[in-house]
Protein chains: 2
Amino acid sequence: PPSSKKDYSNRGMTLEEDINAANMYYVARNLASVHKKPTPVQIVNVDYPKRSAAVIKEAYFKQASTTDYNGVYKGYHVDFEAKETRNKTSFPLSNIHEHQVTHMEQVTNHCGLSFIIIRFSPLEETYLLESKYVLDFWKSKEKGGRKSIPHAFIKENGYHIPFHFQARVDYLKALDKVLAKLEEDEHV
Amino acid sequence: PPSSKKDYSNRGMTLEEDINAANMYYVARNLASVHKKPTPVQIVNVDYPKRSAAVIKEAYFKQASTTDYNGVYKGYHVDFEAKETRNKTSFPLSNIHEHQVTHMEQVTNHCGLSFIIIRFSPLEETYLLESKYVLDFWKSKEKGGRKSIPHAFIKENGYHIPFHFQARVDYLKALDKVLAKLEEDEHV
Ligand SMILES: [Mg+2]
Ligand SMILES: [Mg+2]
């Protein structure tokens with residue numbers, strides 16, 4: 001176990017590493033079952049040496065048709081993309097690919113919980129932002145609108161994910177707030 | 001489009017190909033968003049040639065920690081494994097790996113719809129069987145019980161998936177029956 005206090009900070013860890021650690025923690029605690037999807041690879045040539053494991057000798061990266069993570073939490077289908085930016089004042093939409101937006105739209109249509117986890121690295125701030133907002137900004141961008149989501153907008157409409165020792169990006173707490181709001185809206 | 005009637009039959013198509021085709025049909029019709037997870041690969045060495053795509057030069061197959069397919073349907077988290085057997089009278093549990101059983105258990109615990117799609121190839125019969133039954137047989141096997149699930153049991157407790165021209169393995173129809181039963185049980 002790490003002995004210096006410095007090791008507990010988020011410095012040097014990527015957002016993906018933090019989310020993977022959180023997912024392991026959630027599975028170990030039986031809180032949720034969320035996994036990162038493997039990188040899609042087009043395998044062209046495989047070698048089968050005697051007495052040892054098959055070796056892939058030629059393969060190419062394929063574009064993912066979905067988002068990075070999905071799984072189940074409290075019966076809800078959870079699907080999200082993780083994105084880091086070095087910007088301080090806004091999240092550039094160029095970080096998101098068209099096919100990811102299409103996928104977010106589909107998950108939302110089928111009543112899944114679709115969102116992105118955005119980290120502003122220089123600020124050391126991480127937020128959960130529901131896809132409906134991302135889709136709004138995306139559509140407005142396509143009509144000639146702004147090409148990024150302001151930090152202030154994300155701060156107001158997203159949910160801040162504080163650093164947590166055991167689950168570095170403890171996004172389930174933020175998700176609980178989304179769920180509370182959904183249930184509130186249903187009962188109005 | 002295929003012109004002979006023979007092409008419409010399931011002969012020669014693997015179960016995975018049929019399910020992939022069904023998923024494409026469902027996405028195109030906006031009925032569900034279900035995808036096959038990519039094969040997990042441990043990438044060791046990548047070449048970056050000038051002016052062309054990166055080439056993976058050394059990689060190894062990793063064991064999947066989850067099941068083959070997942071996604072969202074009518075707000076439900078859907079997660080399943082596809083398995084073909086050449087047997088006629090039973091489905092051997094040796095077709096399923098321990099980590100897949102663990103994953104099915106976790107998805108079930110978090111109220112996802114977990115199941116397997118089993119095809120008895122020689123019979124040209126395909127069934128949807130909820131994971132709760134698989135887990136029961138698995139636990140009984142571990143206590144020295146039988147090592148397979150009888151065809152008759154699957155026929156009685158699972159849902160037959162008839163061949164459908166546009167979605168060769170039209171499993172959503174079978175899933176609707178599972179959902180109807182769940183809702184019935186809730187209101188008793
Ligand atoms: Mg990402
Ligand atoms: Mg399989």
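For region B:80-107, the candidate set comprises residues that are of a type in the set (Val, Ile, Thr) and within 15 Å of the chain's Cα centre (by Cα); within that set, the residue that is farthest from the other protein chains (Cβ to nearest Cβ) is B:THR85.
Within region A:90-99, take every residue that is in a strand (DSSP E or B) and either in contact with a Cys (Cβ under 9 Å, 6 or more places away or on another chain) or of a type outside the set (Gly, Ala, Ser) (or both) and give me the one that is farthest from A:ALA174 (Cα to Cα).
If we filter region A:90-99 for residues that are in a strand (DSSP E or B), which is where we start, we get A:90-92.
If we keep only those that are either in contact with a Cys (Cβ under 9 Å, 6 or more places away or on another chain) or of a type outside the set (Gly, Ala, Ser) (or both) as well, we get A:91-92.
Values: A:PHE91: 19, A:PRO92: 22 Å.
Out of the qualifying residues, it is A:PRO92.
Just wondering, is there one or more residues in region A:75-89 that are assigned to a loop (DSSP other than H, G, I, E, B), at pLDDT 95 or above, touching an Asp or Glu at 6+ places or on another chain (Cβ under 8 Å) and of a type outside the set (Asp, Glu)?
At the first step, the residues of region A:75-89 found to be assigned to a loop (DSSP other than H, G, I, E, B) are A:75, A:86-89.
Retained after the next criterion (residues that are at pLDDT 95 or above): A:75, A:86-89.
Next cut, touching an Asp or Glu at 6+ places or on another chain (Cβ under 8 Å) only: none.
The answer is no; no qualifying residue exists.
Of all the criteria given as (1) under 16 Å from B:SER114 (Cα atoms); (2) buried (at least 16 other Cβ atoms within 10 Å of the Cβ), the one not satisfied by B:LEU182 is (2). Taking (1) buried (at least 22 other Cβ atoms within 10 Å of the Cβ); (2) closer than 28 Å to B:ALA32 by Cα; (3) modelled with pLDDT of 95 or more in turn, A:SER140 satisfies each apart from (1).
Within region A:17-38, restricting attention to residues that are at the interface with chain B (Cβ under 7 Å from one of its Cβ atoms) and in a loop (DSSP other than H, G, I, E, B), the residue that is farthest from the chain's Cα centre (by Cα) is A:ASN30. When residues in region A:25-51 are screened for being over 13 Å from A:LEU172 (Cβ atoms), aliphatic (A, V, I, L, M) and surrounded by 13 or more Cβ atoms within 10 Å (Cβ to Cβ), 3 of them pass.
Which members of region A:69-91 meet the condition of being within 14 Å of ligand 1 (Cβ to nearest atom), of a type outside the set (Lys, Arg) and closer than 15 Å to A:LEU129 by Cα? Spell out how you get there, then give the answer.
First, pick out the residues of region A:69-91 that are within 14 Å of ligand 1 (Cβ to nearest atom): A:69-70, A:79-85, A:91.
Keeping just the survivors that are of a type outside the set (Lys, Arg) gives A:69-70, A:79-82, A:84-85, A:91.
Across region A:69-91, the qualifying residues are A:TYR69, A:ASP79, A:PHE80, A:GLU81, A:ALA82, A:GLU84, A:THR85, A:PHE91.
Does at least one position in region A:142-151 carry a residue that is over 16 Å from the mean Cα position of the chain (by Cα) and facing chain B (nearest Cβ under 10 Å)? Within region A:142-151, not a single residue is over 16 Å from the mean Cα position of the chain (by Cα) and facing chain B (nearest Cβ under 10 Å).
Within region A:47-73, the residues that satisfy the criterion of being of a type outside the set (Ser, Thr, Tyr), outside any strand (DSSP E or B), over 20 Å from the mean Cα position of the chain (by Cα) and more than 8 Å from chain B (Cβ to nearest Cβ) are A:PRO49, A:LYS50, A:ARG51. Among residues of region B:92-114 being among the hydrophobic types (A, V, I, L, M, F, W, C) and touching a Ser or Thr at 6+ places or on another chain (Cβ under 7 Å), the one that is nearest to ligand 1 (Cβ to nearest atom) is B:VAL107.
Could you please give the count of residues in region B:41-99 that are of a type in the set (Val, Ile, Thr) and within 16 Å of ligand 2 (Cβ to nearest atom)? Explain how you work it out, then say what you get.
As a first pass, look at region B:41-99 and keep what is of a type in the set (Val, Ile, Thr): B:41, B:43-44, B:46, B:55-56, B:66-67, B:72, B:78, B:85, B:89, B:96.
Filter again for within 16 Å of ligand 2 (Cβ to nearest atom), leaving B:66-67, B:78, B:85, B:96.
Qualifying residue count, region B:41-99: 5.
If the condition is being over 30 Å from B:LEU182 (Cβ atoms), buried (at least 16 other Cβ atoms within 10 Å of the Cβ) and touching a helix residue (DSSP H, G or I) at 6+ places or on another chain (Cβ under 8 Å), then region A:52-67 contributes only A:ALA64.
Evaluate the following for B:ARG168: is it at pLDDT below 95 and within 14 Å of the chain's Cα centre (by Cα)?
Working: at pLDDT below 95: yes; within 14 Å of the chain's Cα centre (by Cα): yes.
Yes.
Condition check for B:THR126 on (1) surrounded by fewer than 20 Cβ atoms within 10 Å (Cβ to Cβ); (2) under 19 Å from B:TYR73 (Cβ atoms); (3) not aliphatic (A, V, I, L, M): one failure, at (1). What do you reckon, is B:ASP47 under 27 Å from A:TYR25 (Cα atoms), away from ligand 1 (no atom under 16 Å from the Cβ) and of a type in the set (Asp, Glu)? Considered against the rule, which asks whether it is under 27 Å from A:TYR25 (Cα atoms), away from ligand 1 (no atom under 16 Å from the Cβ) and of a type in the set (Asp, Glu), B:ASP47 comes out as no. Taking the conditions (1) under 30 Å from A:ASP79 (Cα atoms); (2) crowded, with 20+ Cβ neighbours inside 10 Å; (3) away from ligand 2 (no atom under 16 Å from the Cβ) in turn, B:ILE154 satisfies each one other than (1). Does A:LEU128 meet the test of being aliphatic (A, V, I, L, M), within 19 Å of A:ALA174 (Cα to Cα) and within 14 Å of chain B (Cβ to nearest Cβ)? Considered against the rule, which asks whether it is aliphatic (A, V, I, L, M), within 19 Å of A:ALA174 (Cα to Cα) and within 14 Å of chain B (Cβ to nearest Cβ), A:LEU128 comes out as no.
The values are calculated or read from the model by the stated rules, or taken from the named source; none is laboratory data. In this text, all values refer to a predicted model and were calculated from it rather than measured experimentally. Methodologically, a virtual Cβ is constructed for each residue, glycine included, from the backbone with ideal geometry; neighbour enumeration extends over all protein chains shown.
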